[in-house]
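Have a look at the structure below, then the notes.
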Amino acid sequence: MPKKTLVVAVVVASSLLAGASRPSSIVGTWMGVANQTAVQIVITTQVATTAPCKPISGTMNNVLGGTSNIQGFYCPATGRVGFVRKDVTTNATFQSYSGNVSITGTPLRMTGVFAELALVGALGEYNFAVTK
């Protein structure tokens, strides 16, 4: 009997999400944290293409100081987002972000992980979560 209940719950949950969609654009200001650091992500451009995933760019700021450029992609059909964080002076990549955007709603949420690539004492993978 418990197996039938589980199947029914999965079918109901799937049908509820079937009508849900991801936002067509993620341009705007997102606030949250990346590994315990308050951050602001400002996506200024999302290129309109016929490709399933759209190029994005903008800036990322540590709220207490430090601005960097970001460049990556967003896939509206799946909510997948990925971008790299680059030094504004050298253009060197020092972090790589991978995550997902929530279904359309208020607030919008973007969560995932980022890899620290340059700071030797902190190499590794960490969480991030922002809202818009």
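Express the relative contact order of the stretch 23-131 as a whole percentage, based on alpha carbon pairs under 8 Å and six or more residues apart in sequence. Reported relative contact order: 20 percent. Simple point charges give the picture: +1 on the Cβ of Lys and Arg, -1 on the Cβ of Asp and Glu, and for the chain a dipole about the Cα centre of about 480 debye. Residue-normalised convex hull volume from the C-alpha trace of the stretch 31-89: 86 Å³ per residue. Legend: ranking of residues S25, S96 from fewest to most surrounding C-beta atoms inside 10 Å; resulting order S25, S96.
Counting only Cα atoms, the chain measures 60, 36, 24 Å along its principal axes, largest extent leading.
None of the figures in this text is laboratory data; all of them are computed from the coordinates on show. Here the structure is a predicted model, which is why all the values come from computation and not from measurement. Every residue, glycine as well, gets a Cβ built from its backbone with ideal geometry; the counts of neighbours run over all protein chains shown.
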